[in-house]
Every structure is written in C-alpha cells, then in structure tokens.
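Q: Questions regarding the structure given below will be posed in turn.
Laboratory data are not the source of any read-out in this text; all were calculated from the coordinates shown. Because the structure is predicted, anything quoted here is derived from the model rather than measured. Using ideal geometry, Cβ is built from the backbone for each residue, glycine included, and neighbour counts are taken over all protein chains shown.
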Amino acid sequence: MRQQLVVGAGLIGRPLAERLAKRGDRVLVGTRSGAAVPGAESIVLNAGDAPAFTRAARGMSTIFLCINPRYTDWPTQWPPVIDAAIEAASVTGAGLVVMGNLYPYGSPTEPMTEHSPETTTETKGLVRKNAWHRVRDAHDRGAVRAVEVRASDYFGPGVVGTAHLDDRFFTAILESKTARVVGQPGRVHSWSYLPDIVTTLVAAADYPGAWGRLWHVPSTAVTRNDIVDQLNRRYGTHGKAAGYPQWLLKSLGTLNPMMHEIWASSYQFRMPYIIDSAETERELGIVKTPWTDALATTADSYRGSTVTT
C-alpha cells in the first residue's frame, strides 16, 4: 500500500487526500490544526518545522505540499516551509510534489508553457520562483526527487470567499446582480478546475519518467464576461461583471496590506493570461473536465440544487 503525506487541508489538500484514500492509499494529512479529513489520518504539523516535517514523512512514498498562506505571509512563511520540505524528502527518500501557481512567469506576452521564462519582478512571484528554484536545485544535485504542479486561478464547488471565481461571483450572477471583479472582465484568463488540479497532482506523483520539472494543470481560457453570458443563458439570469477601478484598488492597498497584494498581482487580469498544458496532458495522459460540465457543477453547488437542460 502506498503511503502519502499531504501537507495542508484546504481547497486542494483536502480533496487530494480524499482522492488518494479512495484509490486505496494510506494518507496522512498534516496541518497546524490537525483538521480531520475523511479516509485519512490527521496530525498537527507546523510545515516550517523541519524535524517535525521529517518525522511525519518517514515511510511515505510522496509528500504533497499544498499549503496556501495568506498573500501577506508569503515572504516569511514560504522559505522555511520549502527548506523543511526539502529536508524531509532528502532524509526519508519520499518524492516531493509541490503545488504551485503561475506567478513566477510575470507578465506573459504569449501562453505560458512548462518552459516559459520566469520573468516576474513582483514580490509574490519572486517568492514562488525562488521556492521552486530551491526545490529544483535540490533535485538536480540528487538530494531529492521533486516536481512542481502549476495551476492558474482555481474554481469549483466549495470555493468560498477566497478566489476570483468564488461563491460571491457566482451568487451575484445567479441573483441577476453585478459581480465586482479585479481587473478587466473582458480579458481572457485561464481557470483551473479543482478536481483537475487534484488529477494532475496525482498523475505527477505516479509519473515513472524524469522528475525535476514543472507540470501545468489543464485549464480553460475564457473571459469573465463570457462566463457571465454562459451562466445567464443556462439559468435565465441577467447578471453582469464589472471591474474595480485600478485607482481604488491601489488606494485601498495603502491602508490594507492584503489589498496591496491583490492590487500588485492584478496585472494578471488586465492582459491575456493563458496557460498552455499540452505537454503535461500528453506526458501524464490526463484530460481536463469539459468546461461546460465544470461550470455547471460549480454554479449548481451555489444554487443548492441541480439544474438540467
């Protein structure tokens, strides 16, 4: 029986642990609170504590690092966590699969592939870029076997108040109101469906080929205006999307550190922001959930009932 350590039990870590347990793996979930996850064992774990991380990882096939600190905590929390994860993987021999994002690529001028240059100059992007480089360097020198799975902004059932396509967005549209969004709702943007993120993480861990690389979650590129139109057609609603003025986000950022970080990364919604996952799909043999199914399943979860057409 494969034994897996999932660090983090949020919107990605929890369904990942459940998926692994469902297929018959023994799963240990480590969080600061010791949160219970169906089908898995749970422990209290400070991911930045290297000795504790290493103890938790003993006997494990894979470490899945799925923590998601607040934006404002990235510079202080990510470095010790990455170092602890590398040490744990090195000492125990467990594979290390890091859940990542697209921030390291900066402001792309074309779709982002697994080999695109990492040109970010923004604080959060630099934190994640440096984290991946530490992991990759450890892999390259033979200390660990590691990969990073990168997704775009996620959506799916259960996403509440923490994402750009969260319950507030869907609820506003389904109530024929205006969803206020960051950036320009007419700009095309890639969206990653939570179950597809989990599928990619599992496939990356099972991959028998070379590690030490990036994988991209298969995602769909669509504007938020188009999403609104699709929802309105499906549910007979009259919702709209409208962007917050940039000056407002910037002004709020002078008073609120979290708003400053949202403003700092709002460039992602003011230009085409598209992920290319063709190589990942080919190498890992994964297929994304059809967009219409993913969108309907998510919207129905907020309505509290299933709508058929």
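Q: Give, in nm to one decimal, the length gained when the segment between MET271 and ASP49 is fully stretched (0.36 nm per residue of separation minus the Cα-Cα distance). Each step should come with its number before you reach the end.
A: Working: separation 222, 0.36 × 222 = 79.92 nm, distance 3.89 nm.
Answer, rounded to one decimal: 76.0 nm.
Q: Take every Cα pair under 8 Å in the chain that's 6+ residues apart, average their separations, divide by the length, and report that relative contact order as a whole percent.
A: Over the chain, the number comes to 16 percent.
Q: Still on this model: Full-extension gain between ALA36 and ASN232, please, as 0.36 nm times their residue separation minus the C-alpha to C-alpha distance.
A: 66.8 nm
Q: Considering only DSSP beta bridges whose two residues both sit in the chain, what percent are antiparallel, to the nearest 5?
A: Given both bridge residues lie in the chain, the antiparallel proportion sits at roughly 10 percent.
Q: While we're looking at this one, here's another question. What list of ³J(HN,Hα) couplings, whole Hz, do you get for the range 25-38 from phi and the Karplus terms 6.51, -1.76, 1.60, once you set θ to phi - 60° and write x for glycine and proline?
A: Rounded to whole hertz, the list is 6, 8, 10, 10, 10, x, 9, 5, 9, x, 4, 6, 10, x.
Q: While we're here: Using θ = phi - 60° and the Karplus curve 6.51 cos²θ - 1.76 cosθ + 1.60, what whole-Hz ³J(HN,Hα) does each residue of the range 45-60 get, with Gly and Pro shown as x?
A: With coefficients 6.51, -1.76 and 1.60, one gets 9, 8, 5, x, 8, 4, x, 5, 4, 5, 4, 5, 8, 4, x, 8 Hz.
Q: A follow-up question, please. Which lysines, if any, have their Cα less than 25 Å from the Cα of LYS288, not counting same-chain residues under 8 positions apart?
A: Output for LYS288: LYS22.
Q: List the aspartates and glutamates whose Cα sits under 12 Å from the Cα of LYS124, skipping any in the same chain fewer than 8 residues away.
A: Counting by Cα, and skipping residues close in sequence, LYS124 has these aspartates and glutamates nearby: ASP73, GLU261.
Q: Separate question: With label points built 7 Å along Cα→Cβ from the Cα atoms of LEU252 and ALA278, find their separation and express it in nm.
A: Taking the two extended label points, one gets 3.8 nm.
Q: Next question. Convert each backbone phi in the range 229-236 into a coupling constant with the Karplus relation 6.51 cos²θ - 1.76 cosθ + 1.60 (shift: θ = phi - 60°), then list the ³J(HN,Hα) values in order as whole Hz, x for Gly and Pro.
A: With the stated coefficients, the range 229-236 comes to 4, 5, 5, 4, 5, 6, 10, x Hz.
Q: Oh, and also: Shape verdict for the range 71-121, please, from the Cα gyration tensor: rounded (a/c under 1.5), prolate (a/b greater than b/c) or oblate.
A: Because a/c hits 1.5 or more and a/b fails to exceed b/c, the range 71-121 counts as oblate.
Q: Quick one: which residues, 5 or more positions from GLY95 or on another chain, have an amide H under 5 Å from its amide H? H modelled 1.01 Å from N in the peptide plane, none for Pro or chain starts.
A: THR62, ILE63
Q: Moving on. Normalising by the residue count of the range 1-156, find the relative contact order in percent from Cα pairs under 8 Å and 6+ residues apart. Can you show the working numbers first?
A: On the way: 311 pairs, mean separation 30.8, N = 156.
Relative contact order of the range 1-156: 20 percent.
Q: Taking H placed 1.01 Å from N in the peptide plane, check which residues at least 5 places from GLN4 or on another chain put their amide H under 5 Å from its amide H.
A: Amide H to amide H, under 5 Å and 5 or more residues apart or across chains, GLN4 pairs with ARG26, VAL27, LEU28, SER61.
Q: Let me ask another. Could you tell me whether the range 35-180 comes out rounded, prolate or oblate from its Cα gyration tensor? Rule is a ≥ b ≥ c as square roots of the eigenvalues, rounded for a/c under 1.5, then prolate if a/b exceeds b/c, otherwise oblate.
A: Because a/c hits 1.5 or more and a/b fails to exceed b/c, the range 35-180 counts as oblate.
Q: Can I ask one more? Before anything else, pin down the relative contact order of the range 138-183: Cα pairs under 8 Å, at least 6 apart, normalised by residue count, whole percent.
A: It rounds to 20 percent for the range 138-183.
Q: What residues have an amide H closer than 5 Å to that of ASN101, excluding those fewer than 5 places away on the same chain, when H is modeled at 1.01 Å from N in the peptide plane?
A: ALA151
Q: Hey, got a sec? Which trypsin sites (Lys or Arg not before Pro) in the range 74-156 land in a DSSP loop and have at most 11 other Cβ atoms within 10 Å?
A: ARG141
Q: I've got another one for you. Sort the following peptides by mean Cβ neighbour count (other Cβ atoms within 10 Å, averaged over residues), highest first: 268-278, 234-244.
A: Per-residue mean Cβ counts within 10 Å order the peptides as 268-278, 234-244.
Q: Would you calculate the separation in nanometres between label points at ARG70 and ALA264, each defined as 7 Å from the Cα along the Cα-to-beta-carbon direction?
A: About 1.4 nm separates the two model spin labels.
Q: Related question: Could you tell me whether the range 33-92 comes out rounded, prolate or oblate from its Cα gyration tensor? Rule is a ≥ b ≥ c as square roots of the eigenvalues, rounded for a/c under 1.5, then prolate if a/b exceeds b/c, otherwise oblate.
A: Values: a/c = 2.08, a/b = 1.17, b/c = 1.77.
It is oblate, given that a/c is not under 1.5 and a/b is not larger than b/c.
Q: Something else about it: Report the FRET efficiency, 1/(1 + (r/R0)^6), for GLN3 and ASP137, where r is their Cβ-Cβ distance and R0 is 35 Å, rounded to 0.05.
A: The pair GLN3/ASP137 has a calculated efficiency of 0.85.
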